[in-house]
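Visitor: Let me begin by handing over the structure; questions about it come next.
Rule-based calculations on the coordinates, nothing more; no lab input. These figures come from a predicted structure and were not determined experimentally.
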Amino acid sequence: MSMRSFNKGEVICLEGDPGDCMFIIEGGKAGVFEDYGKPSEKKVTDLEVGAMFGEMSLLDHEPRSATVVATEDDTALQVISEENFRDFFEKSPQTAMKLAEQMSHRLRIVTKEYYEACRTVYDAVEVEKRGGKKSERLMERIKKLCSVHLNSRKAEA
C-alpha cells in the first residue's frame, strides 16, 4: 500500500484502462465521469474523504468503468494494489465492511434507476397500445430516462 497525491484536474484513473489497484480518499475530493473529455461527458458523482473506488476492476478483472479526476488540490489517496488487496482486508475487516456498504449503496441506487426506467418504458408502451396521449408526468419521466442519450446526441449535431 502506498499514498499518492493529485492536484485539481489530474486524472486518477481512466475509463477503459485495466484496473490494477483501488483507492481510498484520505484527503480532498474527486469526481467520477463517463466519457471524460468528450462532448458527451457526464459527471456521475462526487467522492469525498473515506470513499473507496476502483475495487470493481480488482474483483472482476474488467477495465475501469469510469474516469476519476481530482477536484481539489492535494487530493490524497491510499493506493491498494492487486497484490495487497486480500491482505489489506484481512488486516482491516472494518474497511472491508465499509466497502461492502458502499457497494450495496451504489447497487441500490442503480437498481432503483433500472426499475424506474423499466416502469417508464412499460407505461409508454401501454399508452401507445391504447392510442392515448402521454401525460405530462410520463413525458417528463421519458425525458429524464433519455437525457444522457439526448445530451450526447445534441453534442454530436
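Visitor: Using θ = phi - 60° and the Karplus curve 6.51 cos²θ - 1.76 cosθ + 1.60, what whole-Hz ³J(HN,Hα) does each residue of region 37-51 get, with Gly and Pro shown as x?
Guide: For region 37-51, the Karplus-derived couplings read x, 9, x, 8, 3, 9, 7, 8, 6, 10, 10, 10, 3, x, 5 Hz, x marking Gly and Pro.
Visitor: Hey, what did region 2-91 get for relative contact order, percent, Cα under 8 Å, at least 6 apart?
Guide: Details: 215 pairs, mean separation 41.9, N = 90.
Computed value for region 2-91: 47 percent relative contact order.
Visitor: Checking the table LYS43/LYS133; LYS43/LYS144; LYS98/LYS143; LYS8/LYS42; LYS38/LYS129; LYS38/LYS143 against a 26 Å threshold on Cα-Cα, which pairs fail? Display every interim value, and only then the final one.
Guide: Values: LYS43/LYS133 33 Å; LYS43/LYS144 15 Å; LYS98/LYS143 35 Å; LYS8/LYS42 18 Å; LYS38/LYS129 38 Å; LYS38/LYS143 22 Å.
Check vs 26 Å cut-off fails for LYS43/LYS133; LYS98/LYS143; LYS38/LYS129.
Visitor: In addition: Going Cα to Cα from LYS134, which aspartates and glutamates come in below 17 Å? Please leave out same-chain ones fewer than 8 positions away.
Guide: Partners within reach: GLU116, ASP123, GLU126.
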